[in-house]
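Colleague: So that we are looking at the same thing, I have put the structure below in structure tokens.
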Amino acid sequence: MAHTDIKTAIQATTPRVDDAWFDQGSFLTSKHPVSIQYKTATDNGTIETLEGPVKYIAGHKIITGPKGEQYPISQIKFAAYYDDDGNGTATPKPIVKRAKLADHDGVVHASWGDLAYKRGEDYIVNHGANDFGVVKKDIFNQTYDTSKLGGT
């Protein structure tokens, strides 16, 4: 079997994270209204996130999470997801999203980069149609409401 045939066979049998993947075993959640710190990028660059390297451009917000981890977010998504407190901090808006604990290892292909995830160690958050994020389990438990963890 040729290398491309093997790759195609692997891709066909590997579960894929898409909107339908959330139909079983996901739950509704939202972020806790706890302020986060951010800074505004002045140049283009790449930041090493917990899920791998992610590119950003000048103007993106670089958010610092509860364990000191950092990740970039576009100005448009920042305005949609956060209320700016005006002092280098912002509070998450009460937006309901679907989330699911990863049931396989893989990579989410986001517009800003590839985010690796591991079975049982990461949550995949569905922000909107074909818009996904990866959050480490311990960070998810600190920053998201887990009271409805039980599945839909």
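Colleague: For Tyr117, all conditions in the list (1) buried (at least 18 other Cβ atoms within 10 Å of the Cβ); (2) at pLDDT 90 or above; (3) under 17 Å from Lys39 (Cβ atoms) hold save one; what is the number of the exception?
Modeller: Result: Tyr117 passes all but (3).
Colleague: Ok, one more. Regarding Pro72, is this residue surrounded by 14 or more Cβ atoms within 10 Å (Cβ to Cβ), in contact with a His (Cβ under 7 Å, 6 or more places away or on another chain) and either under 17 Å from Val125 (Cα atoms) or at pLDDT 95 or above (or both)?
Modeller: Numbers: surrounded by 14 or more Cβ atoms within 10 Å (Cβ to Cβ): yes; in contact with a His (Cβ under 7 Å, 6 or more places away or on another chain): yes; either under 17 Å from Val125 (Cα atoms) or at pLDDT 95 or above (or both): yes.
The answer is yes for Pro72.
Colleague: Another question, if that's okay. Of all residues being in contact (Cβ under 8 Å) with a residue 60 or more places away in the chain and hydroxyl-bearing (Ser, Thr, Tyr) in segment 18-55, which is surrounded by the fewest Cβ atoms within 10 Å (Cβ to Cβ)? Just the residue, please. Explain how you work it out, then say what you get.
Modeller: Let us first name the residues in segment 18-55 that are in contact (Cβ under 8 Å) with a residue 60 or more places away in the chain, namely 18-19, 21-22, 24-34, 49-54.
Imposing the further condition that a residue be hydroxyl-bearing (Ser, Thr, Tyr) reduces the set to 26, 29-30, 49.
Details: Ser26: 20, Thr29: 21, Ser30: 15, Thr49: 18.
Filtering first and then ranking leaves Ser30.
Colleague: Sticking with this one: Out of Asn87, Asn126, report the one residue that is out of contact with any Gly (no Cβ under 9 Å at 6 or more places or on another chain) and of a type outside the set (D, E, K, R). If you could, list the steps in order and put the result at the bottom.
Modeller: Numbers: Asn126 fails: out of contact with any Gly (no Cβ under 9 Å at 6 or more places or on another chain).
Answer to the check: Asn87.
Colleague: Moving on to the next point. So Thr42 clears everything in (1) part of a strand (DSSP E or B); (2) of a type in the set (Val, Ile, Thr); (3) at pLDDT 90 or above except one condition, right? Which one?
Modeller: (1)
Colleague: Another question, if that's okay. Step by step: first the residues of segment 1-39, then only those that are of a type outside the set (A, V, I, L, M, F, W, C), part of a loop (DSSP other than H, G, I, E, B) and over 24 Å from Tyr144 (Cα atoms), then the one that is modelled with the highest pLDDT. Which residue is that?
Modeller: First, pick out the residues of segment 1-39 that are of a type outside the set (A, V, I, L, M, F, W, C): 3-5, 7-8, 11, 13-16, 18-19, 23-26, 29-33, 35, 37-39.
Subset that is part of a loop (DSSP other than H, G, I, E, B): 14-16, 18, 24-26, 30, 32-33, 35.
Among the residues that remain, those that are also over 24 Å from Tyr144 (Cα atoms) are: 14-15.
Values: Thr14: 58, Pro15: 71.
Among them, the one singled out is Pro15.
The values are calculated or read from the model by the stated rules, or taken from the named source; none is laboratory data. Not measured: the values here are computed from a predicted model. Cβ atoms come from the backbone with ideal geometry, glycine included; neighbour counts cover every protein chain shown.
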